[in-house]
Amino acid sequence: MFGLMRYRSAHCGGDEQRTRWRLHYCGACKTMGRRYGQRSRLLLNHDAVFLSELLTSLSAATEDWAPAYHSRNCLRLPDEGETPAVLRYAAAATVLLSEYKVDDHRADSGRRLWTWVRRALSRSFGKARADLRAFDFPLAECDRILSRQAALEANASDVDTVAAPTAEATRLVFECGARVAGIPDRAAALAAVGQRFGRLTYLIDAWEDFDRDARIGGFNALAASGRDRAWGAREIRAEASAVALGLAELGAPSTYQFRLRAAVEEKLGGQFRIIAAPKRTLRERWQAAVRRTRELDTPKWAFAAVLAMAFLFPLHAREARTPSECMSLGLNLMAVGGLLAAAKVEHKKQAVSGFWNGCCGSIFECDDCCCDEMCCCDCGSCCECGSCCECGSCCECGSCDCDC
C-alpha cells in the first residue's frame, strides 16, 4: 500500500538527490495534511511521491517552494495558496488510490475495521475526488475500470487479465499528471510507463502475498493462473526493465531507473548479497556530531541542543542548513522513525568481499558507484561504453567483442 519507490541511502546521487526526494516527500505529506486533514497523512504513498518527482523533473519546473516544504518540523503546514499544482495532484491521487485500496480490503476481508477506516476518511476521500475533478481527471472512467476487479478475480484465467484494472488506473493517473505538469506532449509516453508500472506493482503484491493467500485461502493472481513465485519473479524483473526503459526514453533522471531496480531486487530478496556499511562507534558518531555543529556556526547558547540533534539524527543533521533546522529535528517524523528503526537492530551485518550498489541492484567488485554516464555491469566492473559483455569484461569500443 505504501509504495515501491522508496529512497535508499545506498542509491547514487548523494545528499542533493536525497534532499530533492525529501522535498517532494514532505511536500506531498504536508499538502495532504493541509487539504485532507492530518489523519490523511497516514496514507502517504512512496509511488505518489515518485510521480511528483517525475512530473517536476520532466516539466523542468522550479522547486523553489515555500519555506514550509523545507522545514524540518513536520507539524508546520503550508498555506493553501503556496501549494504547487503537481503536489496537489500527487496528494489527491494518493488519497483516491487509498480509497480504492480500503474498499478492496473491506470487500476481501469483510472486517469491520475497514468499514471504520472508510467512515473516518470519508471527508478526505470526498475532497480528493473534488480536487481531481478540478484537474479534469477521468474519475468516472477510473471507477468503472476498478469496479471490474472483483468480477475478473472470480473468473481469473491469466495474470494479465486480473492485473489490467490496476494497470489501466495507473495509466490514467500518469496521463493526467502530464497535463497537470504542463507537458501534454508527453502524456502518451507517461501513460505507457504508468500502465507498465501499475502491472509491476500488482505483480509484486501477488508475489509477496503468495504464501499468505495460500494459507488463508485468499485470492492470488499467480496461483489462480497456475503460476508459481519463480515465474512471478522473472516477470517482475522483466516488467521493471520495461519501466526503466520507458523512463529512459522519457529523459527522466537515470537515478529513478536505478532506484526502481534496487527496489525490485530488495522486494524479491535480491540475486546478490546486500552489504551494510560498517556502523560508526559511539565515539566516531560523537566526533562527527561535534564537527557538524561547528560547521553550522552554532551560537554557544544553542550548541548543546544542536549537538544532541546531530548525534541522534546524523543523516538528517547533515542536510540541515541552519542551527534552528537542526534543533527542529525532534519534531521530524522521518528522523524519529529512523532512530526507532536503528534501535531495533540487534547485531551488525558481517562485511563480505562484494559491494552493494544501490544504483542498479547488483554487486560489483569495484569500489566506485557508477552514475549517469557510467554503466553498472553484472560482469563485476564499471563500463564507460554503456554495454556489458558476457566475457566478463567491458569493451571501450561499445561492443561485446572481447578482442576489441
* Qualifying residues in region 129-177 (those that are without any contact (Cβ under 8 Å) to a residue 24 or more places away in the chain and outside any helix (DSSP H, G or I)) - the one surrounded by the fewest Cβ atoms within 10 Å (Cβ to Cβ) -> Asn155
* Check Gly269 against each of (1) surrounded by fewer than 18 Cβ atoms within 10 Å (Cβ to Cβ); (2) over 19 Å from Arg18 (Cβ atoms); (3) at pLDDT 85 or above and name the one condition it does not meet. => (3)
* To do: Considering only region 43-69, state which residues are under 23 Å from Phe197 (Cβ atoms) and among the hydrophobic types (A, V, I, L, M, F, W, C).
  => Leu43, Leu44, Ala48, Val49, Phe50, Leu51, Leu54, Leu55, Leu58, Ala60, Ala61
* Cβ-Cβ below 8 Å, separation at least six or inter-chain, first residue in region 285-297 and under 13 Å from Phe311 (Cα atoms), second aromatic (Phe, Trp, Tyr): which pairs? -> Arg285/Phe311; Trp286/Phe311; Ala289/Phe311; Thr293/Phe303
* Asked: Does Ala188 qualify as being modelled with pLDDT under 90 and assigned to a helix (DSSP H, G or I)?
  -> no
* Asked: Can you name the residue in region 213-222 that is small (Gly, Ala, Ser) and surrounded by fewer than 19 Cβ atoms within 10 Å (Cβ to Cβ) and is also farthest from Leu152 (Cα to Cα) among such residues?
  -> Ala214
* Asked: If you check Phe197 against the conditions, is it in a helix (DSSP H, G or I), crowded, with 19+ Cβ neighbours inside 10 Å and hydrophobic (A, V, I, L, M, F, W, C)?
  -> yes
* Criterion: more than 25 Å from the chain's Cα centre (by Cα) and not hydrophobic (A, V, I, L, M, F, W, C) - qualifying residue of Glu141, Glu63, Glu99 -> Glu141
* Out of curiosity, is Phe210 among the aromatic types (Phe, Trp, Tyr), surrounded by fewer than 20 Cβ atoms within 10 Å (Cβ to Cβ) and either in contact (Cβ under 8 Å) with a residue 24 or more places away in the chain or farther than 16 Å from Lys267 by Cα (or both)? -> no
* Wholly within region 32-123, helices (runs of 4 or more DSSP H) carrying at least 2 residues that are among the acidic types (Asp, Glu) -> 46-59, 85-109
* **Test: Phe258 is touching a helix residue (DSSP H, G or I) at 6+ places or on another chain (Cβ under 7 Å), more than 30 Å from Asp104 (Cβ to Cβ) and part of a helix (DSSP H, G or I)** => no
* Structure fact -> When restricted to Cys12, Cys29, the only residue crowded, with 21+ Cβ neighbours inside 10 Å and at pLDDT 75 or above is Cys29
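The values are calculated or read from the model by the stated rules, or taken from the named source; none is laboratory data. What you are looking at is a predicted structure, and each value in this text was computed from that prediction instead of being measured. In this analysis, Cβ positions are derived from the backbone assuming ideal geometry, glycine residues included, and neighbour counts consider all displayed protein chains.
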